[in-house]
1. For ASP329 and TRP257, compute 0.36 nm times the residue count separating them, minus their Cα-Cα distance, and round to one decimal in nm.
2. Taking each full run of DSSP H in the chain as one helix, which ones are at least 15 Å long along their axis (Cα atoms) and have mean Kyte-Doolittle hydropathy of at least 0.5?
3. How far apart, in nm, are the 7 Å Cα→Cβ label points at HIS103 and ASP308?
4. Ignoring ligands, DNA and RNA, what percent of the accessible area of the range 134-195 is carbon or sulfur (1.4 Å)?
5. Starting from the Cα gyration tensor of the range 56-111, multiply each eigenvalue by 5, take the square root, and state the resulting semi-axes largest first in whole Å.
6. May I ask you to work out the translational diffusion coefficient for the range 76-233 at 10 °C, viscosity 1.306 mPa s, via Stokes-Einstein with Rh from the Kirkwood sum over Cα pairs, reported in whole µm²/s?
7. Starting from the residue with the highest accessible area, list LYS90, LYS375, LYS184 in decreasing order, probe 1.4 Å.
8. Take the eigenvalues of the Cα gyration tensor for the range 126-204, scale each by 5, and report the square roots as semi-axes in whole Å, largest first.
Amino acid sequence: MRAVILHDGRLTVGEVPLPEPGHGQIRLRVTRTGICGSDLHVRLDAEPSADVAAEVGYPDFVRRSHHVVMGHEFTGTVDAYGPGCRRRWKPGRAVVSLPLIRHGDDIHMTGMSEHAPGGYAEHLLVSEAATMPVPDGLDPDLAALTEPLAVAYHAVRRGDVAKDDTAVVIGCGPIGLAVILMLKAAGVRRVVASDFSGPRRELARTCGADVVVDPAVQSPWEVLGDDERLVTKATALYGAGIAAMDALQRIPGVPWWTVMRAGQRFGAGPRGAAVFECVGVPGVIEDIVTHAPFRSRVVVVGVCMRPDTFRPTMASNKEVDLRFSFCYDPAEFRGTLHMVARRRIDPRPLITGVVGLDGVADAFDQLAKADSHAKILVDPHAKP
């Protein structure tokens, strides 16, 4: 079969053996695969990610010297079963799968390891246990977005965002746009989005952002000034506590501390914004910690490949929660698939191009230098 092979930073189309499914595995005929921002990073600078993966217990992550078929955002149709499968779906059934595959006792990351070739190919292997049917009628272009949208869904859940919270999305690339979609699907009434790129700001509006700013012209934090619940100065935070204490002490026979604690349980008192860092560039976390309102929850979704610094004393003084989000769980993955199928979210604005295998290398170059693209999909069976 034909596949796109990454080696030493170069992407080339070549012939590789048709994979044979092992125990508990299904071979899929790939229909669509999305090009992920992490693929762009790994192509040119795999070693930092591989080193971290090895430290956390996965030593087989792609390295520059490896020959790897990438592509972990995919959908396809059932082509063949290996031994030990329950054969739940007929050949030709459209499915998606978590990008993890079991080989014996080992688990490998599909599209990110020599041991688990991914979706930049005409066929790939998946674990039957990790596979889910695509609801009838769902366009393959949209089914292929399940994986990146699930990343955003998990990130939004990590942010503990309430409907009346203000959410701020820093960076409107593919994952930032997906976060906006998921925030609006969750009913969040006010989403502020920030990006230097005009085309991406327009995409943010299309995805549902309520306020969109160009940080070269206006700080995203300036537009939060009309939300009286957000505290931006230490004296205001301390003063709010003193004012509440004074008011409660004027109520005869009521212990002010008991009422204060009860009010806090129901959400009374200062509450920060929910901030989503979707850039992945050194310095962004420090900027957010410095400028976000007190008691904000900052969810880091962008993948920064280099060491970074921020001032812990600033985060401490403002009681900022700093949370990191990486992936999703199987229930979130399935939930995302069905949100798309039921049209609770419309991710079509994310799709800005479709290429065949011969166009993958050029698509990588376009995505690396252009700000008008969001998600380019790969159709492995498209004619050159």
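The values are calculated or read from the model by the stated rules, or taken from the named source; none is laboratory data. Nothing here was measured: the structure is a model prediction, and the numbers come from that model. Glycine gets a Cβ as well: all are built from the backbone with ideal geometry, and neighbour counts include every protein chain shown. Surface accessibility is based on the protein's heavy atoms, side chains included, excluding ligands, DNA and RNA. Shrake-Rupley method; radii C 1.70, N 1.55, O 1.52, S 1.80 Å.
1. This chain segment gains 21.9 nm when fully extended.
2. What comes out of the filter, once short or polar helices are dropped, is 174-185, 234-249.
3. Result for the modelled spin labels: 3.3 nm.
4. 47
5. One finds semi-axes of 25, 15, 10 Å for the range 56-111.
6. The estimated diffusion coefficient comes to 87 µm²/s.
7. Values: LYS90 165, LYS375 5, LYS184 65 Å².
Ranked list, largest accessible area first: LYS90, LYS184, LYS375.
8. 26, 16, 11
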